[in-house]
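Encoded as structure tokens, the structure appears first; notes follow it.
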Amino acid sequence: MIADKQEIPEDFQTYWNQVSPENACTWTVIEKVRGEYDWSGCDRIYYWAQKNNVKFNFRSLLWGTHTPSWLNNLDIDETKKAVENWFDKAAMRYPAPHMIEVINGGSRDSYGHYHSGFGSGNKIIEALGGDNDDYKFIATAFKMARKRWPKAILTLNDYDDYGWKNNQGAEVIKKIQEQGIEDRK
């Protein structure tokens with residue numbers, strides 16, 4: 001993982017075949033103000049990867065703690081349009097990433113709280129179909145990503161699942177697969 005402003009070491013590809021930006025590609029960094037985009041941090045790492053034949057992992061389309069604050073003022077329909085617009089803009093800018101982290105921190109803990117504050121202050125969960133213990137909003141996000149990036153590997157990042165609830169990550173994957181998530185083509 002390369003931090004947002006960190007220089008990429010000259011010998012990086014000697015040791016690694018994939019690069020993942022820390023936060024440079026998150027929605028909250030790129031669209032701090034609605035309709036104004038700063039792709040510079042993500043561009044730097046994406047184009048370096050392209051130039052150096054290193055696989056690029058776009059990180060992260062939706063992350064509970066990394067959503068722009070302006071999203072908190074939107075109703076459900078406007079939130080859905082904003083999410084769709086974000087996915088569309090990212091797909092136009094980065095049409096061929098090797099991998100895409102679609103969701104970061106979307107599972108719930110044993111108290112029913114989302115791992116990274118998903119839905120705190122905004123209506124992303126409701127806008128993407130809700131969650132009746134089926135994680136439909138995650139399945140919807142994956143379907144939206146698959147439509148835009150048919151060949152990319154789509155990933156779910158819940159880094160601490162195995163630290164606080166051993167089977168949670170596997171349960172989320174099982175539930176979203178039951179909703180028709182397609183593999184890449």
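The values are calculated or read from the model by the stated rules, or taken from the named source; none is laboratory data. Just so it is clear, the model here is predicted, and its values are computed rather than measured. Glycine gets a Cβ as well: all are built from the backbone with ideal geometry, and neighbour counts include every protein chain shown. Only protein heavy atoms, including side chains, enter the accessible area calculation; ligands, DNA and RNA are left aside. Shrake-Rupley method; radii C 1.70, N 1.55, O 1.52, S 1.80 Å.
Checking the structure you have, find out if any residue of the stretch 92-109 is closer than 24 Å to Asp134 by Cα, in a helix (DSSP H, G or I), of a type outside the set (S, T, N, Q) and open to solvent by 10 Å² or more (accessible area, probe 1.4 Å). No, there is no match, as no residue in the stretch 92-109 is closer than 24 Å to Asp134 by Cα, in a helix (DSSP H, G or I), of a type outside the set (S, T, N, Q) and open to solvent by 10 Å² or more (accessible area, probe 1.4 Å).
Which members of the stretch 125-147 meet the condition of being open to solvent by less than 40 Å² (accessible area, probe 1.4 Å) and within 13 Å of the chain's Cα centre (by Cα)? Matches in the stretch 125-147: Phe137, Ile138, Ala139, Thr140, Ala141, Phe142, Met144, Ala145, Arg146.
Do the conditions hold for Gly119, that is, is it outside any helix (DSSP H, G or I), among the small types (Gly, Ala, Ser) and open to solvent by 10 Å² or more (accessible area, probe 1.4 Å)? When the stated conditions are applied, Gly119 passes them. Counting only helices (runs of 4 or more DSSP H) that sit wholly inside the stretch 1-90, those with at least 1 residues that are in contact (Cβ under 8 Å) with a residue 40 or more places away in the chain and open to solvent by 70 Å² or more (accessible area, probe 1.4 Å) are 12-15. In this structure, is Tyr114 under 17 Å from Thr26 (Cβ atoms) and either open to solvent by 70 Å² or more (accessible area, probe 1.4 Å) or more than 14 Å from the chain's Cα centre (by Cα) (or both)? When the stated conditions are applied, Tyr114 passes them.
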